[in-house]
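Asks: Have a look at the structure that comes next, please.
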Amino acid sequence: MEMIKNFEWPDDYGNPEWFMEDRFGLFIHFGLFSAAARHEWVMTLEQIGKDGYQKYFDNFNPDLLDARKWAKKAKAAGFKYAVLTAKHHEGFALWDTALSDYKISNTAYGRDLVKEYVEAFRAEGLQVGLYFSLIDWNHPDFLVDGYHPERNNKEYIENHPGDMESYTKFMHGQVRELLTNYGKIDYLWFDFSYANRDWGDSVGKGREDWKSEELEKMILSLQPDIILNDRLDLGRGVGTPEQYQRNAKMENGKKQLVWEACQTLNGSWGYDRDNLDWKTPEMVTKLLIDTVSKGGNMLLNIGPNARGEWDAKTEEILGRVGEWMRLHGRAIYGCGASEFDAPADARFTQNGNRLYLHLFSWPYRTLLIEKLGGKVAYAQLVNDNSEIKYIQDEGLSGKRKSHKDLNAEVTEIHIKDKFEDNSLLVTLPVQRPDVLVPVIEFILKD
Ligand code: H79
């Protein structure tokens with residue numbers, strides 16, 4: 001992993017090298033919102049409030065949920081780690097917390113899902129992460145703000161003036177449970193701080209409200225190897241751009257940052273029955289490639305339905321992406337940004353002397369790549385390991401030394417002006433390989 005030795009990361013956090021190797025994680029949003037089935041923010045989008053929301057708790061029964069099936073499918077789709085919403089903003093705990101009755105073990109499910117999840121994903125060899133919402137709309141002491149479902153309910157606000165000291169104590173206690181009772185947790189994903197929000201009659205919350213430094217200290221004392229994301233408002237941890245792609249590598253000076261794009265399949269995180277805004281398998285694959293080409297991970301979300309199953313569309317997309325990953329995993333795992341610039345409509349990922357060119361559109365027969373001339377020892381398509389021919393300029397007083405390919409030589413005569421020093425001219429088959437995104441592997445000279 002040559003490219004990532006030089007990364008920016010807090011000294012007292014766990015070593016993120018496994019994380020940067022793995023590159024592809026599965027986000028799982030599951031909770032009472034899965035039953036409402038119209039966005040995980042439904043409680044506040046529709047200003048439902050605690051009493052109105054109770055029906056989702058009373059009727060919650062994910063009778064087909066089998067964490068081992070989730071884990072097997074995650075593994076088959078190529079994911080290397082997962083992050084489950086132990087608790088989302090609605091406040092419903094997916095584990096048997098001793099600090100509240102608002103938990104999955106008190107529903108028809110009757111068991112501790114976090115425990116089952118950790119064991120099942122661990123058994124499949126995946127790294128295990130938990131998502132934890134700093135926000136809790138169910139807790140009576142949580143100070144009402146502009147995101148809260150009761151923000152327009154004067155009576156509720158009068159009766160619940162907010163006691164963030166008490167709330168924070170509860171919240172820290174829940175985090176302590178998660179990091180004490182389930183063995184090793186590899187990754188803790190907090191959501192989220194919004195200290196700079198101002199609604200006029202209320203403001204957002206950040207590190208002071210969460211007592212983030214204290215919380216961080218406790219976490220590291222319980223799980224010294226854990227990876228944390230950057231949403232505690234402390235300015236450190238894994239960078240987490242949400243539902244957008246960066247347009248450049250994420251770097252701070254020369255040091256790489258540790259970052260992870262989180263993306264949905266259809267714009268919602270929780271199961272959203274009537275939402276048809278699905279990305280195609282090709283789009284998802286390109287998002288993953290684009291992210292790795294910029295030195296990041298992709299955490300791809302699914303929202304299981306209220307019976308605990310993955311819907312058909314999710315299965316279909318992950319099946320196709322998983323098939324691409326089965327063939328092209330070596331162009332993703334252990335790879336990062338490349339020192340070379342990719343030609344138009346393409347991305348480079350790189351792992352040491354293996355350089356991968358992901359072709360987002362399939363050019364006609366020839367492809368000119370600058371600055372790679374003289375550096376390539378062999379080239380092949382990744383999907384079938386079939387040789388790809390090329391010529392390259394060795395940069396020795398303008399002489400083209402390694403003329404290996406008649407087609408390319410003929411082409412070269414015609415595009416002489418463009419075949420400048422240190423260029424590589426690749427000859428592609430006319431037929432595009434039948435995979436979501438074709439990838440050429442260049443094995444670089446030592
Ligand atoms: O858990 C997922 C989201 O629910 C959560 N983070 C991911 C991982 C998230 N919390 N806040 N935000 C995302 C940003 C807030 C976006 C908002 Fe909206 C825009 C809040 C109201 C308008 C998104 C769209 C939520 C409701 C409508």
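Asks: Give me the residue from the range 230-245 that is within 30 Å of ALA312 (Cα to Cα) and in contact with a Ser or Thr (Cβ under 8 Å, 6 or more places away or on another chain) and, out of that set, farthest from the ligand (Cβ to nearest atom).
Replies: Only one residue tops the list, namely GLN245.
Asks: So in the range 109-155, with the set limited to residues that are within 16 Å of the ligand (Cβ to nearest atom) and hydroxyl-bearing (Ser, Thr, Tyr), which one is farthest from LEU64 (Cα to Cα)?
Replies: TYR147
Asks: Right, another one. If you take just the helices (runs of 4 or more DSSP H) that sit entirely in the range 40-96, which of them hold at least 3 residues that are among the hydrophobic types (A, V, I, L, M, F, W, C) and more than 13 Å from the ligand (Cβ to nearest atom)?
Replies: By residue number, 67-76.
Asks: Which residue is nearest to the ligand (Cβ to nearest atom), if the candidates are limited to the range 253-285 and must be hydrophobic (A, V, I, L, M, F, W, C) and free of Cβ contacts under 8 Å to residues at least 12 places away in the same chain?
Replies: LEU276
Asks: Also: Report whether or not GLU2 is closer than 30 Å to LEU355 by Cβ, more than 16 Å from the ligand (Cβ to nearest atom) and either in contact with a helix residue (DSSP H, G or I) (Cβ under 6 Å, 6 or more places away or on another chain) or modelled with pLDDT under 95 (or both).
Replies: Yes.
Asks: Out of curiosity, is GLY235 part of a loop (DSSP other than H, G, I, E, B) and in contact with a Leu (Cβ under 6 Å, 6 or more places away or on another chain)?
Replies: no
Asks: Across the range 191-243, what is the number of residues that are touching a Phe, Trp or Tyr at 6+ places or on another chain (Cβ under 6 Å) and closer than 23 Å to LEU143 by Cβ?
Replies: 3
Asks: Follow-up. Tally the residues that are touching a helix residue (DSSP H, G or I) at 6+ places or on another chain (Cβ under 8 Å) and surrounded by fewer than 17 Cβ atoms within 10 Å (Cβ to Cβ), restricting the search to the range 125-142.
Replies: Count: 1.
Asks: Here's another thing I want to ask about it. Taking the stated definitions as given, is ALA342 closer than 24 Å to LEU428 by Cα and either assigned to a loop (DSSP other than H, G, I, E, B) or small (Gly, Ala, Ser) (or both)?
Replies: yes
Asks: May I ask you to list the residues in the range 244-285 that are of a type in the set (Gly, Ala, Ser) and either under 19 Å from ARG23 (Cβ atoms) or surrounded by fewer than 16 Cβ atoms within 10 Å (Cβ to Cβ) (or both)?
Replies: Passing the criteria: ALA248, GLY253, ALA261, GLY267.
The values are calculated or read from the model by the stated rules, or taken from the named source; none is laboratory data. Predicted, not measured: the structure shown is a model, and the values here were computed from it. Cβ: placed from backbone, ideal geometry, glycine included. Neighbour counts: every protein chain shown.
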